[in-house]
Amino acid sequence: MLNIMLVCSAGMSTSLLVSKMNKVAKEKELDVKVFAVAEADVKNNVDKADIMLLGPQVRYLLPKMKEMMNKKGVPVDVVNTVYYGTMNGEKVLEQALSMVEN
């Protein structure tokens, strides 16, 4: 199973996106679990993530999160702003999956 962690400031603004991404993954029969955490809770969830995506509102965390997650070999990126703004779960899932080496 591939675990995708979305990070936002409070952990709530991404909840709709998480639902949409999980729905798309289920429809496509992908073994993927998407979950969201608040920035303050990242350290408690580091070992649960295979991919980390940051919400656009916390893009300033990118260098810090890359440094933390690189040690574990976990790719980190910022969710495409357009996909986030339109809550396009399919496109964000595609973005996440493209971060993994096949």
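Some points to look at:
- Each residue in segment 48-102 was checked for being among the hydroxyl-bearing types (Ser, Thr, Tyr) and either without any contact (Cβ under 8 Å) to a residue 12 or more places away in the chain or in contact with a strand residue (DSSP E or B) (Cβ under 6 Å, 6 or more places away or on another chain) (or both), and 3 of them qualify.
- Complete set of residues in segment 18-46 that are among the acidic types (Asp, Glu) and modelled with pLDDT under 95: 39, 41
- Flag for residue 75 being of a type outside the set (Val, Ile, Thr) and loosely packed, with under 14 Cβ neighbours inside 10 Å: no
- Residue count for segment 65-79 under the criterion of being of a type outside the set (D, E, K, R), more than 14 Å from residue 4 (Cβ to Cβ) and not in a helix (DSSP H, G or I): the result is 1.
- Exactly one residue out of 34, 24, 18 is under 17 Å from residue 97 (Cα atoms), more than 12 Å from the chain's Cα centre (by Cα) and β-branched (Val, Ile, Thr): that is 24.
The values are calculated or read from the model by the stated rules, or taken from the named source; none is laboratory data. Small disclaimer: the values here were computed from a predicted structure and weren't measured. Positions of Cβ are backbone-derived with ideal geometry, glycine not excepted, and every protein chain shown enters the neighbour counts.
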